[in-house]
Amino acid sequence: MTAEKRQLMKKGIPLLLIGLLVFIFYIYFFGGTASIGDIIEKLQTANLVYYSLTFVSVVFSVFFYSLAWHRLMHLLSIEATFRKTFLYVWIGNFVDLLVPAEAVSGEASKAYLMSKNSKVNSGKVVASIVSHRILSMTITLGSLIISSVYFALKYRPPELILDFVIITASCTALAIILLGYLSVREQTTKKIVNWIIRLAARISRGRWELTSLRSKAQKMLKAFHQGINILTRNPRALAGPMISSMAAWFFHVLVFFLVFISLEFQISLSAIIVVYSISVSLQSIPLGIPGEVGFMEIVMTTIYTLLGVPIVVSATATVLTRVATMWFKLIAGYAAVQWVGINVLMEDKQ
């Protein structure tokens with residue numbers, strides 16, 4: 001393991017454990033009739049056969065997520081094997097969970113690894129990642145709106161839930177619009193990049209050499225917008241990545257559903273999609289908390305409880321879901337990091 005990996009683990013793991021303690025304190029002080037003992041007892045009743053399927057579902061979700069990205073890169077003539085794409089997505093998940101800048105740090109690591117592997121301008125790779133992000137966010141937003149409308153008409157949930165949904169949907173829509181706008185407005189992105197470089201020049205007071213950085217940034221932006229233009233000129237070609245993204249969404253939602261099946265608790269699919277969509281949307285915001293541990297558990301437990309799920313079941317379902325969607329991804333991502341590192345060492349020796 002390199003010094004960088006050790007440093008990442010050294011800083012990230014303690015913060016993850018602190019997040020767990022925050023959730024435990026939340027249950028202890030605000031859990032009402034629920035106690036840690038009740039949750040542990042409920043965990044022991046989970047059907048292991050059904051729960052084991054959640055991990056299979058996570059793997060399928062990552063598989064189709066990787067497939068969507070791989071197809072987008074193929075449209076941009078980026079040569080990359082699916083095996084490496086699959087590994088880099090796991091590594092991106094790992095970095096996202098440990099570095100407190102989710103949806104930014106992971107995407108940056110994927111862009112770096114893929115650019116280095118495919119030997120193409122990183123701007124082209126970033127174009128595939130941004131377009132992939134827009135597709136995924138659009139599917140999440142659409143599912144949130146449809147499921148929320150259905151759930152609101154049939155079950156009449158508390159106004160607090162509806163307010164939460166409206167805020168989440170609005171923020172997600174705003175993010176999609178902003179990403180789309182910056183993707184097609186080349187002059188605007190150039191102005192933003194130039195402003196950042198000028199700001200860096202002022203802060204450094206001439207200590208940093210920024211001429212080469214400006215040149216590299218301009219080349220990257222040009223490649224990025226060329227890639228976006230290729231994708232926007234041929235919208236029919238996006239059908240494949242869109243179908244793969246929807247399959248990834250389906251298997252991710254299935255994890256939430258299988259958790260409740262394993263607990264033998266009936267809950268409407270629309271309610272699950274609402275909780276899933278809100279949690280995914282919140283996780284795309286860089287809150288500065290590794291894996292959003294503690295925060296996400298509190299949010300999911302609270303929403304489930306507001307939807308009428310008993311607090312013990314809500315907390316137990318949240319814990320089981322996060323084990324599959326967060327801790328399992330962390331372990332699998334770490335394995336992918338190790339695997340890629342070993343391959344690099346072997347290539348260097350040849």
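None of the figures in this text is laboratory data; all of them are computed from the coordinates on show. As the structure is a computational prediction, the values presented were derived from the model and not from experiment. Here Cβ is always computed from backbone atoms with ideal geometry, including for glycine, and neighbour counts include all displayed protein chains.
At-a-glance table
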{"quantity": "Binned Cα-Cα distance frequencies in region 76-148 - 10 Å width, integer %", "calculated": "19, 45, 27, 8, 1"}
{"quantity": "Efficiency of FRET from Cβ geometry, ARG214 and GLN44, R₀ 45 Å, rounded to 0.05", "calculated": "0.15"}
{"quantity": "Inverse of mean 1/r across different Cα pairs in region 155-203, Kirkwood, Å", "calculated": "13.6"}
{"quantity": "Percent of Cα pairs exceeding the 15 Å cut-off, where the set is region 95-184", "calculated": "68"}
{"quantity": "Sequence of ILE261, ILE331 once ranked by neighbouring C-beta atoms within 10 Å, starting from the fewest", "calculated": "ILE331, ILE261"}
